[in-house]
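First the structure, in the form of structure tokens, and then the observations on it.
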Amino acid sequence: METTTAPTDLKSALRKGIEGHRDALLVLSSRIHGHPETAFEERRAAAWCAELLGAHGFEVTAPAFGLDTAFRASVGSGPVTVAVACEYDALPGLGHACGHNLIAAAGVGAALALAPYADELGLTVRVLGTPAEERGAGKALLIDAGAFDGVDAAMMVHPCPFEMADFRSFALGTLSVTYTGRSAHPSLNPHEGRNAADALTVAQVAVGLLRQQLPPQWRVHGITTAAGTAPNAIPDRATAEYEIRALAAEDLRELRARVENCFRAGALATGCEVTLERPEPDYLDFRGDPALIALWKANARELGRAEPVEREPFACTDMGNVSHLVPSIHPVLDISGGACGPHEPEFVAAAVSPAAEQALLDGALGMAWTAADFATATARARAATS
């Protein structure tokens, strides 16, 4: 695609648009931060985002796509559709230790800035409120419901302890394990028991041995959630929750098969029954679009953001599922100077710091500029081939 960018005067107008909405965006971020809501419970956050967009002429549908805390807001009628994802779920027990308050406000800000110029740019701007990123793979559910149908490019920004334009992530799968055995007294009639906790122990040993033969970037980790209630009763039920990670979705399928066999081995060895369930869709690895990344990097440099670093995958996101469907970017913006990172308690305070507020505004403007550049380049490319 030709990398023609939007006119300078239009970009100046978009900057003024962000400045004009500055106070409303900071208030939105602060409100979401102060009222953390976990996956699929983000009713206030979704409503606040949708209300602000609706007040500025967006056509809003809420709830949307079969999810109570999802919404869709649209403006413009151009042939190029750009989707901006707004995450707003918090972490159980930690609040906004991943800074999703900033993601939501930056997405709303980018859309508000673009709205007056959408038709001029040939854009349709689609804002998607995307619940349950931390747990539940909300974007995978939205994909299945058609939320990203007809989208030409998708974008969001994420707070972090460093700057990164070419973000990459692991593919992630989850596994719920339930062993069913037979209860018995461990002294009177142990031979009649089938120890579900032992089944889980055998499986955990098998997983530990399996790790020795896994590629360096494959991960298996989990917790026991139940394994008996008293030492004088052979437990007839044991449960565990596990996660598996790999560099690519294709690798995840192989890893899942090998890990599930470990849990089946526990059942076979102890005479128990095992049930293996997937509590949520798989999170696919994020694959950024090179052309969009180049546009973002140029715009981030114009904003005065620090030069981006390159890092191996270190996290998982359901935005990866979107990136397998449409060209996408997921740049990360430094809000802590490396002092703390997502999912750490200290990141909660970092998510409302002055550095976080600047990242919010820069992220909103960077996305608005990138969407404008993308629309301009796409229009030129389509005209050249028509």
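The values are calculated or read from the model by the stated rules, or taken from the named source; none is laboratory data. Owing to the predicted nature of the structure, the values given are computational and were not obtained by experimental measurement. Every residue, glycine among them, receives a Cβ derived from its backbone with ideal geometry; neighbour counts consider all protein chains shown. When the accessible area is computed, the model is the full protein with side chains, heavy atoms only, and any ligands, DNA or RNA have been set aside. Shrake-Rupley method; radii C 1.70, N 1.55, O 1.52, S 1.80 Å.
Points to keep in mind about this one:
- Answer residue from the range 1-37, given it is among the hydroxyl-bearing types (Ser, Thr, Tyr) and assigned to a helix (DSSP H, G or I) and is most open to solvent (accessible area, probe 1.4 Å) among those: THR8
- Residue satisfying all of: in the range 64-77; surrounded by fewer than 20 Cβ atoms within 10 Å (Cβ to Cβ) and out of contact with any Lys or Arg (no Cβ under 9 Å at 6 or more places or on another chain); nearest to MET319 (Cα to Cα) among these: GLY66
- Checking each residue in the range 354-386 for being surrounded by 15 or more Cβ atoms within 10 Å (Cβ to Cβ) and not aliphatic (A, V, I, L, M) picks out GLU357, GLN358, ASP362, GLY363, GLY366, TRP369, THR370, ASP373, PHE374, THR376, THR378.
- Conditions (1) closer than 27 Å to LEU141 by Cβ; (2) open to solvent by less than 20 Å² (accessible area, probe 1.4 Å); number of the one not met by GLY266: (1)
- From the options LEU142, LEU172, residue that is outside any helix (DSSP H, G or I), touching a residue at least 24 places away in the same chain (Cβ under 8 Å) and in contact with a Phe, Trp or Tyr (Cβ under 9 Å, 6 or more places away or on another chain): LEU172
- Meets criteria (more than 23 Å from ALA171 (Cα to Cα), at pLDDT 95 or above and either of a type in the set (A, V, I, L, M, F, W, C) or surrounded by fewer than 17 Cβ atoms within 10 Å (Cβ to Cβ) (or both)) for GLU273: yes
- Condition met for ALA104 (in contact (Cβ under 8 Å) with a residue 40 or more places away in the chain, part of a helix (DSSP H, G or I), open to solvent by 10 Å² or more (accessible area, probe 1.4 Å) and within 19 Å of TRP48 (Cα to Cα)): no
- Each residue in the range 264-279 was checked for being of a type in the set (A, V, I, L, M, F, W, C), assigned to a strand (DSSP E or B) and more than 12 Å from GLY181 (Cα to Cα), and 1 pass.
- Checking each residue of the range 180-187 against the condition of being surrounded by fewer than 20 Cβ atoms within 10 Å (Cβ to Cβ), touching a helix residue (DSSP H, G or I) at 6+ places or on another chain (Cβ under 8 Å) and closer than 14 Å to GLU273 by Cβ gives at least one match.
- Residue in the range 108-125 that is in contact with a strand residue (DSSP E or B) (Cβ under 9 Å, 6 or more places away or on another chain), outside any helix (DSSP H, G or I) and open to solvent by less than 10 Å² (accessible area, probe 1.4 Å) present: yes
- Selection over the range 141-156 of residues that are open to solvent by 10 Å² or more (accessible area, probe 1.4 Å) and of a type outside the set (D, E, K, R) gives a count of 6.
- Considering the range 307-339, the residues that are at negative phi and over 19 Å from the mean Cα position of the chain (by Cα) include one that is least open to solvent (accessible area, probe 1.4 Å), namely SER336.
- Residue within the range 277-293 that is open to solvent by less than 40 Å² (accessible area, probe 1.4 Å), modelled with pLDDT under 95 and touching a helix residue (DSSP H, G or I) at 6+ places or on another chain (Cβ under 9 Å) present: no
- Being under 21 Å from PRO281 (Cβ atoms), at pLDDT 95 or above and among the charged types (D, E, K, R) is a property that GLU250 lacks.
- Within the range 301-386, helices (runs of 4 or more DSSP H) holding 3 or more residues that are farther than 28 Å from THR5 by Cα and modelled with pLDDT of 95 or more: 346-350
- Considering residues of the range 188-225 that are assigned to a helix (DSSP H, G or I) and polar (S, T, N, Q) only, the residue surrounded by the fewest Cβ atoms within 10 Å (Cβ to Cβ): GLN212
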